[in-house]
Amino acid sequence: MSPVTILILLSVFYVLAGACNAGFNKYIVSQIAIGRKFSHSWFLNLIMFIGESMGIPVFYILFNKKGKTEKSEKSENTENTDTENIENTEKSENLETAEPEQNKVREEEKPEINKFLLAIPGFLDTCSTGLANIGLILLPASIYQMLKGSLIVMTFLMSKFVVRNKHILDHYIAIPISTLGVVLVGLSAYLNADENDNKDGNSSSASQTLLGIVLMVIAMFILSIQFCFDEYFMRRYSCHPLICIGYEGVFGFFINLFLCFIFYFIKCGSYEKDEEPSYFVKNMCTSDDKNEWRPENIVFALRQFIDNGVLTIIVPITIFFMSTFNILGVSITKYGSATTRSVTDNVRSFLVWLYFLMPYNPEDLRETFHFLQLFGFICICLGAFIYNGIFKLEERINKSKPINLDEEFKKDDEAKLIESEKNNNNEDQNI
C-alpha cells in the first residue's frame, strides 16, 4: 500500500473518530437518569484521560519490536562513526549533506524524559478540558467544536510573547482572520441563543451561551500553555508522542480523580424542589436527586451511569473513539504533517455541525443553520490553512515584487567572493 493511500485512510478514520467523539460527548451530557441531566463535566474528563492513557499499551504493542531493531542498528552505526567523521573532514563538499545526519544523532542523544514532568501538561489538560466540558453543556455541539479554532490564536500569542518563536508574514495574516472567525461564531451563538430557549430542562439563554463562550476561550488559553510545555519537552527530551499522550492521560486521570474527591465535599447549596438556584450554581455546579449542588458529584454520576443503559453503552464507545483519535492523530503527523492534521480537524468540525443539523436528532440537540456561523467557520478554516502553510501568501507576494537587478548583481558578486575565499583557504591548507 502506497504512503498516499495510507495517509488518506488515516485521515478518513481520524475525521470519523473525532466527529464521533464530539457527538457522543454531547449525547452523554444530554442523557437523563434518576430524574437529573447527566451534566458532569469533570466525570467526562476521567473518560477522556482513560482514552489518552491507552497510548502507552498501544506504543509498546506497535513499536516495541521496532525499538529493539533500532537499538541494534544504533550499536552497529556507532562502530563506524570515527571513519565517517574522518571522511567528512577530508571532503568539504559533503559537509552540507552530513548536517542532517548529525542532527539525527543529536536527536537520539537527547536525555530520556522524566515521566513525572508530564504531570505539568496533565494538570493543564485537566483544567482546560474541565472548563471546555462545561462549555459543551452550555453550548451547541457545533459552536463548541468551532470555538476550538481560537486555539490557533492563543498558541500564536504564547509562542510569540512567551516562547519568543519567530513567525513569518503568513502567521500575522492568519491570526486576525481566525480571530474574526471565532468572534463571528460566538456572535452567532449569542444572537440565536433564544431560539433554543426552554428546549430542554437546562435552558440555553443568551447569558448561559455567553458564559459558555467565555469558558471555551479560557480553556483554549490554558490549552495553549500546555502546548508550549509539550513543545519544550519534545525539543529538550527524547519522548515518543504516544508515550507523552499516554502519561499525560495517566497523570491527568489521577489529578482529575483527586479534584472530583475534593469537589464532592464542596456544597454549592441545597435547595427545595421548587426553588431555583443562583445563576452561578446552576451553570457551574451539578445537582443530585436530593437537589444538593456540588462542583462535581462523582458518586451520583456513577449511580446515573449504572441506572441509564444508554450511558453504559456510549461511555465505553467514547473511550474507544478517544484513544483511536489520539493514535490516528500521531500517525497522521508521522506519515503526513501537522498541516494535514490541521485540515482534517476542520473537516471534523464541519461534520459535527452537519450531523447536528439533521432533522432526525432529538429536539434538544438539533441545531439550526445560520449564515453568520457559516461565514465564521470559513474564516476559521481560512486562517488555519494560511497559518499552516497551505496557502503560502508570503511566497506569492515576493514573486509579485519587481526584480531589482542591482541587488541581484550584488548577491552574485558576494557569492563569488565567498567561493574564492573558500578556494584560497583550501589551497593554503594543501600547502
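What to note about this one:
- Length gained on full extension, PHE320 to ILE6, computed as 0.36 nm times the residue gap minus the Cα-Cα distance: 110.9 nm.
- Among the GluC sites (Glu not before Pro) in the stretch 107-145, those placed in a DSSP loop whose Cβ has at most 11 other Cβ atoms within 10 Å are GLU109.
- Efficiency of FRET between LEU357 and THR312 - r from beta-carbon atoms, R0 25 angstrom, step 0.05: 0.30
- Counting every other Cβ atom within 10 Å of each residue's Cβ, HIS40, HIS240, HIS171 order from fewest to most as HIS240, HIS171, HIS40.
- Sum of side-chain charges, ASP125 neighbourhood, beta-carbon under 13 Å (Lys, Arg +1; Asp, Glu -1): -3
- As a calculated quantity, the FRET efficiency between LEU191 and SER270 at R0 = 41 Å, using C-beta atoms, amounts to about 0.70.
- Measuring against 29 Å, Cα to Cα, the residue pairs LYS115/LYS267; LYS37/LYS267; LYS26/LYS115 contain LYS115/LYS267; LYS26/LYS115 as the ones spanning a longer distance.
- Going from the fewest other Cβ atoms within 10 Å to the most, the residues CYS20, CYS228 appear in the order CYS228, CYS20.
- Note on the stretch 126-144 and the stretch 264-336: Cα centroid distance 11 Å, given to the nearest whole angstrom.
- For ILE56 and PHE371, the difference between the fully extended length at 0.36 nm per residue and the C-alpha to C-alpha distance is 109.1 nm.
- Gain in span if fully extended, ARG235 to SER207, counting 0.36 nm per residue against the direct Cα distance: 5.8 nm
- Hypothetical label at ASP289: residues of the stretch 1-45 whose amide nitrogen lies under 11 Å (7 Å Cα-Cβ projection): 33-36
Coordinate-derived values only; no laboratory data. Everything quoted here is computed from the prediction, not taken from an experiment. Cβ sites come from the backbone with ideal geometry, for glycine too, and all protein chains shown count toward neighbours.
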